[in-house]
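These notes are about the structure you will find just below.
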Amino acid sequence: MISKAAVREIKNIVGQTNVLEKEAELLTYAYDNSFHQHKPDLVVLPSKEEEVSAIVKLANEAEVPLVPRGAGTGQTAGSVPLKGGIVLSTTRMDGYIEVDKENLIAKVPVGVVNWDLQKEVEKAGLFFPPDPSSLKTATIGGNLAENAGGPRGFKYGVTRDYALGMNVVTPAGKVLKLGGQTIKNVTAYDLCRLVIGSEGTLGVITQANLRLIPQPEERRTLMAIYKDIERAGDAVSGIIAKGIVPAAIELIDDVAIRCIEETLKLGLPTDADAILLIEIDGFKVAVDYQMEQVEQVCKSYGADRISVARNEKESEQLWVARRAFAPAVLKLNPTKVGEDATVPRSRLTEFIKGVKKIAGKYQLELALCGHAGDGNMHPNFMVNARDKDEMKRLQKAVDELFALTLDLGGTLSGEHGIGSTKAQYLNKELNQDTIDAMQAIKDAWDPKGFMNPMKIFPRDTKTLSFLG
Ligand SMILES: Cc1cc2nc3c(=O)[nH]c(=O)nc-3n(C[C@H](O)[C@H](O)[C@H](O)COP(=O)(O)OP(=O)(O)OC[C@H]3O[C@@H](n4cnc5c(N)ncnc54)[C@H](O)[C@@H]3O)c2cc1C
């Protein structure tokens, strides 16, 4: 519990209107996009780094849990305050984006939404590639804390690859200035990379220097339609083996195609077992050449039809379809349990086959999509959280899903992080010495364990099952 005196002090720091304490307001911060939930005792919306530092110091002294939160689109309950306490929302830290054209850098406050950054740098002819499908909502702080990826990860990498420097408020309330604003920087330990992907367990990121690149001259998208999803999986390996590097290779299965089409009426092929969306970008001549090669490979792996977007508008429509996956599949059942298991790309077809078998065994509705070019698939089990029997079957299915993933040489998370939903599986992938080394870092930075507790480490979450 937070004392009345502490609440008064917090109001003095950020102003009365930026502290939320009414039941209904608190409830809206009890969720993210997973199905773990817990109400905070207080929500605080600072707009400046000094305010963040003062609130963190106060929470530390009072030993009250503090959970950093961006837009709350996380998939693994990272921003859910499982022990109550303070949710520190960064959404008001969305001020001026400084675009430095000479050095190809953007200096960004962390509450800025990814899409707004993309649009701002485009005005200067520049490009910020990380594009999680939640990009119209998720914040840059959340992207850094989760090391978010997206369709373009195949060619351009993930958020980590664009972070040159950042400011981080540690659990002690100190402001660290990590990395810098140069492309090369090997001065001492790389704490910037330590904090990226640490899911708000090591501090609050307040500001970031992000690397930009020039806009590609041309972008084109192709849709390859398959009657057999396994052939689509094989085609992905075929494209990679041929040495072609599209910006994105995304796969959507039959269940999802039908849901998206029913929702948006875009003219998607509802008779297909799977579609691949492939984007090629770069100089026009190179795009023309690579498009031809990709078409050939897709056909050689049995594509039923191939359609090429004729212009930017048609291309964007295909990406709208892909981004609509999450809301569209909710028509199947009210609870969406979206995983992001990642396997070596050559094992993709085995993975798809295996996941479908697991869903069938436990009689669960499955919708599949993913960043196939990265081997990063999102099997979504569509269930009803109120159906106890179904939830028991779900737990077994998810156990088997991760056993399959690890057997194929994969990893528990390609981009959504561990949070609390996957903490129980951590020791299946990492040995105890590795977990201990990570835990020692957490303990050194946050000896009281008040910064985003019950996340990542099995020690803190052993009472939690996958279901929360
Ligand atoms: C429809 C949909 C599609 C998605 N697609 C993708 C995708 O393609 N790729 C992908 O990687 N993810 C995807 N996600 C997951 C999610 O959007 C990303 O993880 C995103 O980066 C989270 O940003 P956020 O601002 O919503 O963070 P939140 O959900 O608020 O927080 C996520 C984590 O980051 C921490 N955090 C947030 N801000 C800070 C900060 N300033 N300092 C320290 N810690 C912080 C929180 O404590 C929490 O642990 C998707 C989610 C949805 C709902």
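What to note about this one:
- Helices in the chain, meaning DSSP H runs of at least 4 residues, each add -39500 (n - 2.57). Divided by all residues, the mean residue ellipticity at 222 nm is -10500 deg cm²/dmol.
- If you take all other residues with their beta carbon under 12 Å from the beta carbon of L251, and give Lys and Arg +1 and Asp and Glu -1, the sum is -4.
- Selection of GluC sites (Glu not before Pro), segment 86-148, meeting DSSP coil and at most 10 other Cβ within 10 Å: E102
- Selection of chymotrypsin sites (Phe, Trp or Tyr not before Pro), segment 31-131, meeting DSSP coil and at most 11 other Cβ within 10 Å: Y96
- Loop trypsin sites (Lys or Arg not before Pro), segment 252-361, which have at most 14 other Cβ atoms in a 10 Å radius of their Cβ (DSSP): K265, R310, K331
- Cα pair count fraction exceeding 21 Å, expressed as % - segment 218-323: 28
- Spin-label pair E9-K284: with each label point 7 Å from Cα along the Cα-Cβ axis, the two points sit 6.4 nm from one another.
- Vicinal HN-Hα couplings computed from phi for segment 177-194 (Karplus, 6.51 cos²θ - 1.76 cosθ + 1.60; Hz; Gly/Pro x): 10, 9, x, x, 9, 10, 5, 9, 6, 10, 6, 6, 4, 8, 6, 4, 5, 5
- Computed extension gain for R310 through L194, at 0.36 nm per residue and net of the alpha carbon distance, reaches 37.5 nm.
- Debye, to nearest 20: dipole size of the chain, +1 on Lys, Arg Cβ, -1 on Asp, Glu Cβ: 540
- Each of H38, H416 has some number of other Cβ atoms within 10 Å of its Cβ, and from fewest to most they run H38, H416.
- Counting only Cβ charges, +1 for Lys and Arg and -1 for Asp and Glu, the dipole size of segment 367-468 around its Cα centre is about 400 debye.
- Degrees separating the helix 284-300 axis from the principal Cα axis of the chain, which is the longest one: 70
- For segment 332-407, the gyration tensor built on C-alpha atoms gives a prolate shape. Its axis ratio a/c (a ≥ b ≥ c) is at least 1.5, and a/b is the larger of a/b and b/c.
- With a cut-off of 14 Å between beta carbons, the residues surrounding V383 carry a summed charge of +2, where Lys and Arg count +1 and Asp and Glu -1.
- Taking amide H atoms as placed 1.01 Å from N in the peptide plane, the amide H of R152 lies under 5 Å from those of D131, each 5 or more residues away in sequence or on another chain.
- Mean separation of Cα contacts under 8 Å (6+ apart) over length of segment 310-468, as relative contact order %: 22
- Between 0 and 90°, nearest 10: helix 312-323 axis offset from the chain longest Cα axis: 60
- Remark: spin-label model distance K174-Q215 equals 4.3 nm, labels positioned 7 Å along the Cα→Cβ axis.
- Against the chain, whose longest principal axis is taken from its Cα atoms, helix 4-14 shows a tilt of about 60°.
- Alpha-carbon gyration tensor eigenvalues x 5, square-rooted, for the chain, Å: 37, 27, 20
- Each Cα pair under 8 Å and six or more residues apart adds its separation to the average, and for segment 162-291 the resulting relative contact order is 26 percent.
- Phi to ³J(HN,Hα) by Karplus 6.51 cos²θ - 1.76 cosθ + 1.60 over segment 244-255, Hz, x for Gly, Pro: 7, 10, x, 5, 8, 10, 10, 10, 10, 8, 4, 4
- Projected-area average for segment 98-214 over all orientations - Cα convex hull basis, square nanometres: 6.9
- Across the chain, the relative contact order, built from alpha-carbon pairs under 8 Å that are at least six residues apart, equals 15 percent.
Every read-out reported here was derived from the displayed coordinates using simple, explicitly stated rules and does not represent laboratory data. Worth saying up front: this structure is predicted, and the values here are computed from it rather than measured. All Cβ positions, glycine included, derive from the backbone under ideal geometry; neighbour counts span all protein chains shown.
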